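The values are calculated or read from the model by the stated rules, or taken from the named source; none is laboratory data. Quick caveat, the model's predicted, so the values are computed rather than measured. Counting neighbours? That spans all protein chains shown, and the Cβs are built from the backbone with ideal geometry, glycine included.
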Amino acid sequence: MNFHKLDPREEHFFIPGPHAMLRLFLRYLPSLHGYSTEHPPVLYVHGATFPSAVSIAHRFEGFSWRDALNEAGFDVWALDLYGFGNSDRYDEMEGPAEQHSPLCNAQDAAGQVEAAARFILDHQNVSRLSFVSHSWGSMPVGRFAGKYPASVRSGLESDNRARSMETIRRGRTSWRAARPIAATLR
């Protein structure tokens, strides 16, 4: 499958995850500056409401969180958990929600984060990476970090709280904090 690129340099990967026959989708934007040990790769894990394309990679006025991290020298990866974005959907999602138990708990999602992290570590031949997680995404990232602390360089949990339209018009949106936040991952 070929999906629309949100940036001409963006690369897409389908990788195996913890569930047989289901694939995870990763989008990757290599740094403009080339790989540096000073800036390990960053993996973004979305929350429970929307995938990477409309979170870290979405451009407001032509600029996204991913762009800020990339501009700061980071290779940026973004994972779509099962059932979100371009990752495969659980079979149960074809039927009514009341006919099955909840899908994708923190333990399940942590297995997906682990699959993505292992792929990125191998692909880039590095031993550690940094994480940016949004809202509920901090749960599986935290589980991964607790289980594999030697694989984690740093992490940041973001919570983009709802803003009024007036606040947005005045330019006080949380994505404007992306450049200063990139400095915290160093």
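Structure notes:
- Residue in region 96-108 that is at pLDDT below 95, within 26 Å of residue 148 (Cα to Cα) and small (Gly, Ala, Ser) present: yes
- Residues that are modelled with pLDDT of 80 or more and either of a type in the set (Lys, Arg) or surrounded by fewer than 17 Cβ atoms within 10 Å (Cβ to Cβ) (or both) were ranked within region 79-92; the one that is nearest to residue 50 (Cα to Cα) is 83.
- Unique residue being over 22 Å from residue 16 (Cβ atoms), at pLDDT 80 or above and aromatic (Phe, Trp, Tyr) when the list is 175, 136: 136
- Only one of the numbered conditions (1) touching a Phe, Trp or Tyr at 6+ places or on another chain (Cβ under 8 Å); (2) part of a helix (DSSP H, G or I); (3) closer than 18 Å to residue 14 by Cα; (4) of a type outside the set (A, V, I, L, M, F, W, C) is violated by residue 83, and that is (2).
- Checked against the criterion of being of a type in the set (Lys, Arg), modelled with pLDDT of 85 or more, at negative phi and in contact with a strand residue (DSSP E or B) (Cβ under 8 Å, 6 or more places away or on another chain), the candidates 128, 143 yield just one match: 128.
- Of the residues making up region 46-89, just one is within 16 Å of residue 141 (Cβ to Cβ), free of Cβ contacts under 8 Å to residues at least 60 places away in the same chain and among the polar types (S, T, N, Q), namely 52.
- Selection from region 58-71 of residues that are surrounded by fewer than 21 Cβ atoms within 10 Å (Cβ to Cβ), touching a Leu at 6+ places or on another chain (Cβ under 9 Å) and part of a loop (DSSP other than H, G, I, E, B): 58, 59
- Any chance residue 6 is surrounded by 15 or more Cβ atoms within 10 Å (Cβ to Cβ), part of a loop (DSSP other than H, G, I, E, B) and within 16 Å of the chain's Cα centre (by Cα): yes
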